[in-house]
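See structure below.
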Amino acid sequence: LDFYGKNIAQYGDSQLRIHQAFPGARGAIGYSAPGFLVVSEDVVKWHDYPGYAPEFLPHEVAHQWFPIEVTIAREEDGWLAESVAEYLAWRYLLEKDPAAARTMVARAMRDALAPEPLRPLSEGLRLFREGNEVAYPVLYQRGMLVWRTLETVIDRERVDAALREYYKRFAGRSASIADFRKIGEEISGRDLGWFLDYYIN
C-alpha cells in the first residue's frame, strides 16, 4: 500500500482487509473489491513461502487503484485492469525482490505469445470466456510486457507520471485506453497512436 501510495496516489481507506475463501480450491486464487481482498486458502498458507506466486498479492492490491477507483469504460478496455495491476506488481517486485521480478518477466516472455491463434489485447474481458489459459498469458503477461515496452518509448518516469495523472483525473469514474493515450501523449509529447495500435490491436 505504501509503495503504490508513493507511486500512484495514497490509499483511500484506513485499512485493507484480506478474507479467506474458495474452500478446497488449490493455488493462488483471488479477487479484489473496495477495501478488501478475497483469497484462497493456499494464498493465506503460503504467501510468505519463498517463490510462491510473489506477484499475486501485489497484483491484487494494485487493483484497489485500477480498476476499483479508475473503472474501465468498456469491455474492450478490460486489458487495462489486469495489465496495469500486473505491471505494478512487477514494479513492486523489482524494488522488493529483484529475482522474483526477473522470473516474472522470463515467464511472461516465454508464455505471452503461446495462445493460438494469438488474440489481441483489445478483446479485453471477452478473453475470460475462453478460460485462464488464454486470459492470463494475454491480458496479464503480454499486457505487462506492453507497459514495460512503453517505458522504452517514453521512459519509466513518464509512464509513472501518466499513471498518476490517469488516476488523478479518473478516480471514481470510468476511463478508456483513449483516455490514457491522451494523457500519455500530453506528458511525453509523443504520438502514441502507432504504439497502442500495434500492441493492443
Quiz item: Which ³J(HN,Hα) values in Hz, rounded to whole numbers, follow from the phi angles of segment 166-174 under the Karplus curve 6.51 cos²θ - 1.76 cosθ + 1.60, where θ = phi - 60° and Gly and Pro get x?
Solution: 4, 5, 4, 6, 10, 4, x, 9, 8
Quiz item: Which shape class, rounded, prolate or oblate, goes with segment 52-201 when its Cα gyration tensor gives a ≥ b ≥ c as root eigenvalues, a/c under 1.5 marks rounded, and past that a/b bigger than b/c marks prolate?
Solution: rounded
Quiz prompt | Principal-axis tilt of helix 143-154 within the chain, Cα atoms, nearest 10 degrees | solution = 40
Quiz item: On the accessible surface of the chain, probed at 1.4 Å, how many percent belong to carbon and sulfur atoms?
Solution: 51
Exercise. Could you provide, to the nearest whole Å², the per residue accessible area of the chain with probe 1.4 Å?
Key: 50
Practice problem: Enumerate the calculated ³J(HN,Hα) couplings along segment 16-23 in order (Karplus 6.51 cos²θ - 1.76 cosθ + 1.60, θ = phi - 60°), each rounded to whole Hz, writing x wherever the residue is Gly or Pro. | Solution: 10, 8, 10, 10, 8, 8, 6, x
Quiz item: Projected onto the charge dipole of segment 113-194 (+1 at Lys/Arg Cβ, -1 at Asp/Glu Cβ, origin at the Cα centre), which of 135, 175, 163 gives the Cα projection farthest towards the positive end?
Solution: 175
Exercise. Provide the percentage of antiparallel DSSP beta bridges, counting only those with both residues in the chain; round to the nearest 5.
Key: 35
Quiz item: PRE reach from residue 149 (point 7 Å along Cα→Cβ): which of segment 183-201 fall under 15 Å by backbone N?
Solution: 192-201
Quiz prompt | Built amide H within the under 5 Å cut-off of residue 171, gap 5+ | solution = none
Quiz item: Cross-link partners among aspartates and glutamates for residue 96, C-alpha distance below 12 Å, same-chain residues fewer than 8 apart left out?
Solution: 55
Quiz item: On full extension of the chain, what length is gained from residue 157 through residue 96, given 0.36 nm per residue of separation minus the C-alpha to C-alpha distance?
Solution: 20.1 nm
Exercise. Kindly state, to the nearest 0.05, the FRET efficiency for residue 71 paired with residue 186, given R0 = 30 Å and r defined as their beta-carbon distance.
Key: 0.90
Quiz prompt | Label-point separation in nm, residue 130 to residue 114, each point 7 Å along Cα→Cβ | solution = 1.4
Quiz item: Using the alpha-carbon centroid of each, what span in Å lies between segment 1-32 and segment 68-84?
Solution: 17
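The values are calculated or read from the model by the stated rules, or taken from the named source; none is laboratory data. Nothing here was measured: the structure is a model prediction, and the numbers come from that model. Glycine also receives a Cβ, built like all others from the backbone with ideal geometry; neighbour counts cover every protein chain displayed. Note: accessible area is taken over every heavy atom of the protein model, side chains too, but ligands, DNA and RNA are not part of it. Shrake-Rupley method; radii C 1.70, N 1.55, O 1.52, S 1.80 Å.
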